[in-house]
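Down below is the structure, laid out as structure tokens.
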Amino acid sequence: MRWYGVLSILASLLLPTRAIFADDAFHIDYHHALLGSPQAHATFFHKPQTSTNASLLYTISDKAVLGAVNPKDGSLLWRQPLAGRPVNNASSSFLVAGERDGQIISGYGRTVACWDALNGRLVWDYTVPEGTTIHGLQAIPVGGSNTNDLPQDILVLATPDHSNAHAILSRIAGDGSGTRWEHKDSSLSPSSSASIAASSQHVYYITKSHGLLASSKAKVVTLDGTTGHEAGQTSVAVDSDPLGDGGEYSTASCSGFPFLISADKGSKSVKFSLLTNPNPKVVGLTLDDKGEDIEDITVHHACDVTAPTHFLLHIRGKTCQWAEIYHVDVKSGGATRAYLLPATEEKSAFAATGSGSSVYFTRSTESEVILYSSESHGQLGRWQKTSFRATPGISPSHTVAEVVSKGKASFAVRLAETSQSGNWSLVRNGELLWTRPEMLAYVNIAAWAEDAGPDALAEELDLESSVNPLTGYIHRVKRHLTDLVSLPSYLQGVPETIVKSSPESDAIARRNLVGTKTVILGSRRHELIALDATNAGVFQWQTDLSSHISPGAEMKSIVVDEGRAHVYLSDGALIVINASNGKVIEHQSGHGPLSNLVRIPGGPAPAAIKVEADGTPRPAEDSAAVHPLEGNTVVTISDDGKAFGWAIGQSVEKTWVLEPRDGTKIINAVARAEHDPVASIGKVLGDRSVLYKYLSPNVALLIAESHSDLTIYLIDAVTGAVLHTSTHQAIVPGTDIPAVMSENWYAYSFTSRDPATEGIATQLVIAELYESSIPNDRGPLGSRTNFSEFSVDAGVRPHVISQAFTIPEPISSLAVSQTAQGITTRQVLATLPNSNAIVGIPREILDARRPVDRDPTASEREEGLMRYFANLELDPKHFLTHAREVVGVRKIMASPSLLESTSVIFAFGHDVFGTQIAPSLAFDVLGKGFNKGQLALTVVALFAGVLALRPLARKKTVEGRWGQ
Amino acid sequence: MAMFLYALVAVACQLVPSVLAATLRVQIPSSSLLPNPNTLPASTHATLTSGYGPPIKAVLRRGNYFEFPDVTTVGSHLLDIYTRDYVFAPYRIDVSPSPDSAGTVITGAWEIYRGTRWTDRGVAFVTAPTDKLDLSAKVLAKKDFYEQRQGFNPLTLLKSPMILLGIVALVFTVGMPKLMENLDPETRAEYEEMQKNSPMGGLTRAMQGGGTGGPAENFDLAGFLAGSSKSSGTDKPSEGIRERKR
């Protein structure tokens, strides 16, 4: 039995290989391996090894992805999605680093996980009880004396999700051996806030209730750090607005002097109380308000037990920002202001870094980086920011710093900054080292923009063809004469281009042939981003639309037309943007919410049809001048799982309703792509007979699901007639059911459990539609010249051939490659979420007519049909992503290029990936295999051969003549 | 007091696993295909699909193993291991309710072969039901993503039949006259006599002459191929004249 696998591998080896050439890989494709926007409280520099001084940059993004980045070049070393895969709106996550033990501990959801800081392997994990969520994570300071290599213990606070659960504070052993002690608090209600802080001896558990009856005091329970026994309990007065890390009352837990800090909204003073004092007293710190309304205050402190007890308050006023530095007197429990940093109108971000026995504060603004010591206000270093792009949104929103002291007065500062535009960049002494475009991780919609700039030559040719022939001829001669001017310089350049064939010039030449494709992306952060999809994903522009998008609304659809991008929002509003530079042209307010947008052919331009929240399609207001062509059909799915057919022309009319069986819901509808050219209406068989394809622009695939069964309906969207149905049982819940449709075939995939044997497998089904089962026969439609879907004999059903294959892993989304004419064979593009890859399965392998249980006959072999095997191995050579790991892809888009052989692929979701594929090999372009030098040498050799043989031949002729 | 508490915790820890469900541990040993499993990337993970719920995922741990600590679903499970550069064998893991406690036990574990029936399986790893199974995963292959482009190779060029023919022709054109010159006159005369009489000689001459209006023009290839042993009438006189003039 196991031979089947081997045989199918052999069979796939016989095919012409379409793998990526080793010299093309990493050149024609590009990939942004993303984390998401780093969170301020879970980002830091950390040395993963005790032996070396090199540090890495660690973060948990707000998509709950933990990652380590090399600060030298910004490359991703490893990443772990804490939720299994990148998630939007992730709940709070925590990250702490153990001191000198090479471990990184993350807390997310119910799991505390300890990771090897160097290679990202899981060391141990710990799950908090059901019904609770991790709401605080602290490394317990070891205090200077502990020099043995035991990993640091971790303090975990789990707060209840519902009233039946308890809050649990536990100390977990750093070596993963479990809990050392637990402290349960059954009095905490889910609406109260709780936080923790730790010093080397004690653990502080701070709770504050919220609501109407809430007191203005927080309860502080002091526990013994080693045993977990309660050592004391006290109440501390706090204000309504906590200022600590992540919006908590306690802060500076990692520094050995944890304190509570809070303020009232808009207040000019801050309440401070040091927790290490046996009886924490409340100190009011009055801020220097600079005559401004204070909008926001954040606390910055160094995370080092041995560092001085200094902290910084970053104060954001209405127009300017400044900072105050306080020194804490550990004995008396008071805090005194040491100095003030000047107010600037530029937005600043501050970072505190502990280094040995000193603390440094770094101030980063849009234009410069300034380094201060926590002791005094003298500037230790000041650097102008260079090589920054002059775009809005570069002001840093938060930053972390690493300060290295080189001798007495010389310092080096590395800053990892998150800008408001979503870039994560590293600035070394004011110089920009790298930038990671983390905002691309939030992209949820995309659209292709065609070449924006009109071609000058094409315009002139148009002009020539539009005027009378004589004028056109004169114009043409003039054009050629002007072209001659540039001929000498061109001729001068020719030898250079031949001799100097750098990879870059090859890439430019290729780009000229393939054409320029821009892709416009819309993100959840209400931004529009344009990337050059054919040129390594280079940034073109980025526009922040959040000022135009009302709260709660999101982008639903982007339509690009004549150099303008129309962005339709969920509240019905429309924003029009210049597709070449991202400038907003106009903004129309909404006319009622929409759930989707479809485009149908119309005159003079395609018409946009809005599908409203209740599922009724309606022509969009902005395309009032456009009249949709008669006879367009739109299929919508309602929330209760019914499908509706609509005829759209001058008016909108509901034509049919398809209601699946009880308990079954239609969850998805798939139609052929807008651009889906068919090169041949038939399939030529080995014996030169033809199977005619069933080609209808109006077929659609409806995917219906009951609790465990899957039904696929192939329908005629005009009449709602069901053309073909297939049912699969025992679908594994929680798995994806992607489907794709093109030309005369459709494919879908699902993971199911065989009810009889319990066997679990993922299957990929391909179905091909033909007009008739008999070659050279067009069925009942053969002799007809016109046809109506509503005529009496219209019930012509296609002949459907389908085959199912077992594939090694689930597929999360399917797409199909696109070329300009459809002559090139198509590739089925599938996202493999487990392998983090995108695979292009050739249609020759995924053919529904492969002979079953017999070898192909001679004529079938001529067609390229192989024997059917139930197992379809996904050959790594077909992986478009090759060695790249592309995480979280939700959608693959394909677009034709100027070359028929080549299709441009772009995939997004979390990571962004793009490439170009040639499913029938590059038949219309010279690849890298073409060797200019070889060709030139051959010509030279031939010429030399002719020259060498000429005297010989002449001698022979002369001799021959004399001989006669 | 502290000791007592630790002891309590320890007792609790021992009690916990007996009520918990089956534990599956999958080790990646070093093999000839994968000599050093420590080089596997951090994205390496395993999934356990139960057929009744979403698959469970386990990431690779330090020490090159995966752990599914608490398998509560009952029935046949499919265990897959995914990594960037290697293909691992799939496994079937059968889990049943434990007969003597509330937990579950692993009753069977086999390597399976995709595209075959669920009952066609390899060697059983479990002989008796167990609540803790250690499994060693097998590497099937190393993924090879790339195609090497056929570079320019002079040897393959030489192997081409066209080039071979050309070389043979060149040898005849250049080499034969040289050879003839180096022969001593008697042998040459003898040879030429032989050439004159044999129709094959005409062919050789035709090849040497290269069709530049030499005597080969008069060679009747069609006649030779048709099998006529005699040359045509015009052939002889011209040959005769040539011989005389020389």
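Of the numbered criteria (1) surrounded by 14 or more Cβ atoms within 10 Å (Cβ to Cβ); (2) farther than 30 Å from A:Ala922 by Cα, the one A:Pro469 fails is (1).
Taken together, the criteria exclude A:Glu844 from residues that are among the charged types (D, E, K, R), within 29 Å of B:Gln148 (Cβ to Cβ) and within 14 Å of chain B (Cβ to nearest Cβ).
Conditions (1) at pLDDT 95 or above; (2) farther than 21 Å from A:Phe879 by Cβ; (3) surrounded by 19 or more Cβ atoms within 10 Å (Cβ to Cβ), marked per residue:
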position: B:Ser31; (1), (2), (3): no, yes, no
position: B:Asn36; (1), (2), (3): no, yes, no
position: B:Thr49; (1), (2), (3): no, yes, yes
position: B:Gly53; (1), (2), (3): no, yes, no
position: B:Asp70; (1), (2), (3): no, yes, no
position: B:Gly75; (1), (2), (3): no, yes, no
position: B:Asp85; (1), (2), (3): no, no, no
position: B:Ile93; (1), (2), (3): no, yes, yes
position: B:Val105; (1), (2), (3): no, yes, yes
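Determine whether A:Ala90 is within 25 Å of the chain's Cα centre (by Cα), away from chain B (no Cβ under 14 Å), modelled with pLDDT under 90 and in a loop (DSSP other than H, G, I, E, B). Judged against the criteria, A:Ala90 is a match. Against the definition (among the basic types (Lys, Arg), part of a strand (DSSP E or B) and free of Cβ contacts under 8 Å to residues at least 12 places away in the same chain), how does A:Lys654 come out, yes or no? Considered against the rule, which asks whether it is among the basic types (Lys, Arg), part of a strand (DSSP E or B) and free of Cβ contacts under 8 Å to residues at least 12 places away in the same chain, A:Lys654 comes out as yes.
Here B:Lys159, B:Lys138 are screened, and the one residue that is more than 8 Å from every other protein chain (Cβ to nearest Cβ), surrounded by fewer than 13 Cβ atoms within 10 Å (Cβ to Cβ) and not small (Gly, Ala, Ser) is B:Lys159.
Scanning the range B:162-191 for residues that are surrounded by 14 or more Cβ atoms within 10 Å (Cβ to Cβ) and of a type in the set (D, E, K, R) yields one hit, B:Arg188. Within the range B:74-102, if we keep just the residues that are within 11 Å of another protein chain (Cβ to nearest Cβ) and of a type in the set (S, T, N, Q), the residue that is farthest from A:Arg85 (Cα to Cα) turns out to be B:Ser76.
Inspect the range A:910-927 for any residue being in contact with an Asp or Glu (Cβ under 6 Å, 6 or more places away or on another chain) and either within 13 Å of another protein chain (Cβ to nearest Cβ) or buried (at least 22 other Cβ atoms within 10 Å of the Cβ) (or both) and give the result as yes or no. Yes: the range A:910-927 contains one or more residues that are in contact with an Asp or Glu (Cβ under 6 Å, 6 or more places away or on another chain) and either within 13 Å of another protein chain (Cβ to nearest Cβ) or buried (at least 22 other Cβ atoms within 10 Å of the Cβ) (or both).
Filtering the range A:697-716 to residues that are touching a strand residue (DSSP E or B) at 6+ places or on another chain (Cβ under 7 Å) and in a loop (DSSP other than H, G, I, E, B) leaves A:Asn698, A:Ser708, A:Asp709. The set of residues from the range B:45-65 being within 20 Å of A:Val887 (Cβ to Cβ) and more than 9 Å from every other protein chain (Cβ to nearest Cβ) comprises B:Ala46, B:Ile56.
Conditions tested, residue by residue: (1) buried (at least 20 other Cβ atoms within 10 Å of the Cβ); (2) aromatic (Phe, Trp, Tyr); (3) more than 33 Å from the chain's Cα centre (by Cα).
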| position | (1), (2), (3) |
| --- | --- |
| A:Ala679 | no, no, yes |
| A:Lys683 | no, no, yes |
| A:Asn698 | no, no, no |
| A:Ile712 | yes, no, no |
| A:Ala721 | no, no, yes |
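Which one is nearest to B:Arg92 (Cα to Cα) among residues in the range B:137-154 that are modelled with pLDDT under 75 and of a type outside the set (Phe, Trp, Tyr)? Once the filter is applied, the top-ranked residue is B:Gln150.
Remark: B:Lys132 matches the filter, which requires a residue to be touching a residue at least 24 places away in the same chain (Cβ under 8 Å), exposed (fewer than 13 other Cβ atoms within 10 Å of the Cβ), among the basic types (Lys, Arg) and assigned by TED's automatic domain parsing to the domain that holds B:Thr73. Looking across the range A:769-826 at every residue that is assigned to a strand (DSSP E or B) and under 30 Å from A:Gly515 (Cα atoms), the one that is nearest to the other protein chains (Cβ to nearest Cβ) is identified as A:Ser813. The set of residues in the range A:316-336 that are within 15 Å of A:Lys268 (Cα to Cα) and among the aliphatic types (A, V, I, L, M) contains only A:Ala323.
In the set (1) buried (at least 17 other Cβ atoms within 10 Å of the Cβ); (2) within 15 Å of A:Val699 (Cα to Cα), the condition left unmet by A:Gly631 is number (1). Is it the case that some residue within the range A:56-65 is in a loop (DSSP other than H, G, I, E, B), of a type in the set (D, E, K, R), in contact (Cβ under 8 Å) with a residue 24 or more places away in the chain and within 11 Å of chain B (Cβ to nearest Cβ)? So far as the range A:56-65 goes, no, none of its residues is in a loop (DSSP other than H, G, I, E, B), of a type in the set (D, E, K, R), in contact (Cβ under 8 Å) with a residue 24 or more places away in the chain and within 11 Å of chain B (Cβ to nearest Cβ).
Scanning the range A:738-760 for residues that are surrounded by 19 or more Cβ atoms within 10 Å (Cβ to Cβ), part of a loop (DSSP other than H, G, I, E, B) and more than 7 Å from chain B (Cβ to nearest Cβ) yields a total of 3. Is it the case, given these coordinates, that A:Ala830 is modelled with pLDDT of 95 or more, in a strand (DSSP E or B), over 27 Å from the mean Cα position of the chain (by Cα) and more than 14 Å from chain B (Cβ to nearest Cβ)? Spelling it out, it is not the case that A:Ala830 is modelled with pLDDT of 95 or more, in a strand (DSSP E or B), over 27 Å from the mean Cα position of the chain (by Cα) and more than 14 Å from chain B (Cβ to nearest Cβ).
Can you confirm whether the range A:552-571 contains a residue that is part of a loop (DSSP other than H, G, I, E, B) and surrounded by 19 or more Cβ atoms within 10 Å (Cβ to Cβ)? Yes, the range A:552-571 contains a residue that is part of a loop (DSSP other than H, G, I, E, B) and surrounded by 19 or more Cβ atoms within 10 Å (Cβ to Cβ). Considering A:Asp662, A:Asp614, A:Asp640, the condition of being within 26 Å of A:Pro551 (Cα to Cα) and of a type outside the set (A, V, I, L, M) is satisfied by A:Asp614 alone. All of A:Glu295, A:Glu366, A:Glu324 fail the test of being farther than 27 Å from A:Gly98 by Cα, of a type outside the set (A, V, I, L, M, F, W, C) and not in a strand (DSSP E or B), apart from A:Glu366. Only one of the listed residues (B:Val59, B:Val74) is touching a residue at least 12 places away in the same chain (Cβ under 8 Å), among the aliphatic types (A, V, I, L, M) and farther than 20 Å from A:Asn836 by Cα. That residue is B:Val74.
Residues in the range A:18-39 that are over 12 Å from the mean Cα position of the chain (by Cα) and in a strand (DSSP E or B): A:Ile20, A:Phe21, A:Tyr30, A:Pro38, A:Gln39. I'd like to verify a number: residues in the range A:585-613 that are in contact (Cβ under 8 Å) with a residue 40 or more places away in the chain and either in contact with a Pro (Cβ under 6 Å, 6 or more places away or on another chain) or crowded, with 17+ Cβ neighbours inside 10 Å (or both), how many? Number satisfying all stated conditions: 7. Would you check if there is a residue in the range A:721-729 being part of a loop (DSSP other than H, G, I, E, B) and either within 14 Å of chain B (Cβ to nearest Cβ) or touching a Cys at 6+ places or on another chain (Cβ under 6 Å) (or both)? Yes, there is a match, as at least one residue in the range A:721-729 is part of a loop (DSSP other than H, G, I, E, B) and either within 14 Å of chain B (Cβ to nearest Cβ) or touching a Cys at 6+ places or on another chain (Cβ under 6 Å) (or both). Of A:Ile823, A:Ile801, all but one fail to be within 30 Å of A:Ala922 (Cα to Cα) and touching a residue at least 24 places away in the same chain (Cβ under 8 Å); the exception is A:Ile823.
The values are calculated or read from the model by the stated rules, or taken from the named source; none is laboratory data. Please read these numbers as outputs of a predicted model, since none were measured by experiment. Quick reminder, even Gly has a Cβ in these numbers, built from the backbone with ideal geometry, and neighbours come from all protein chains shown.
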